[in-house]
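Everything on this sheet refers to the single structure shown next.
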Ligand SMILES: [Zn+2]
């Protein structure tokens, strides 16, 4: 990522990369612990799949993804997204154009639109785009961000929630975000923290170690990435996920008997649980003026 050629093995891969299917990269995939061969950069500490699948391969795979469980958790996800929008309120009380990268089924875009943002997004999964259209009357672009033609200096906010860990070239994507943002625009980034307590306690079984993740960031590598692309971090905090009890029980095969009874199952769905693992970064970074002349 920093173009250094000095790196060392970090973790040995635990699945056969040639068997990777669209089900492995679903957002709600629970095959934790399955990882690519990972290397760690000796300079910026970025951890990355090595060898890494090509952008084209990943794009095709995500195009086929269908993930109904994700949509069932819309309520929990809405809570997460509302927290983010509250933070953005303080930075941009005036509203404007908001672009969501990897918009999935449009949950975030729908909430943002209700709060006065003019929204756009891009997403490779045809299934997700269909859900966004049917359920929220949202038209999301089909495709991948790195190849899209987007207007420069146009957006007040670019959202990348759980996006950069899925792509082979994070610096490219962040640089594009810099170009399409207005001079004082903000990039909001959520991505797992590989140095978090949870990552260290769970080791190989950390829930973010999964086939869909090609890169893992630390505070140092994220700082590096953002500065290099022309951003300055204005706010950073740890991210806690909200899920329903039903979702969490369904992640754990030994507890799935609790979901057998339909009355109970719907009850569990109504109970939101905030996972205070704080093992992701939630970062707000503004476009640096000095960098603008370079682009
Ligand atoms: Zn590096």
Next on the checklist: Below 8 Å, C-alpha to C-alpha, sequence gap of six or more: please give me the relative contact order for region 140-246 in percent.
Outcome noted: 29 percent
Checklist entry - For the pair residue 220 and residue 18, how long in nm is the line joining their label points, each one 7 Å along Cα→Cβ? => result 3.7 nm
Item to check | Over region 7-292, relative contact order from alpha-carbon pairs under 8 Å, at least 6 apart, % | outcome: 20 percent
Next on the checklist: Please give the Cα centre distance for region 197-214 versus region 31-53, rounded to the nearest Å.
Outcome noted: 11 Å
Checklist entry - What FRET efficiency do you get for residue 3 and residue 195 if R0 is 22 Å and r is their Cβ-Cβ distance, rounded to the nearest 0.05? => result 0.50
Checklist entry - So what is the relative contact order of region 1-110, in percent, for Cα pairs below 8 Å that sit 6 or more residues apart? => result 24 percent
Checklist entry - Going highest first, how would you order 228-238, 123-133, 147-157 by mean Cβ packing within 10 Å? => result 123-133, 228-238, 147-157
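FYI, it's all coordinate maths here, none of it is from the lab. Just so it is clear, the model here is predicted, and its values are computed rather than measured. Glycine also receives a Cβ, built like all others from the backbone with ideal geometry; neighbour counts cover every protein chain displayed.
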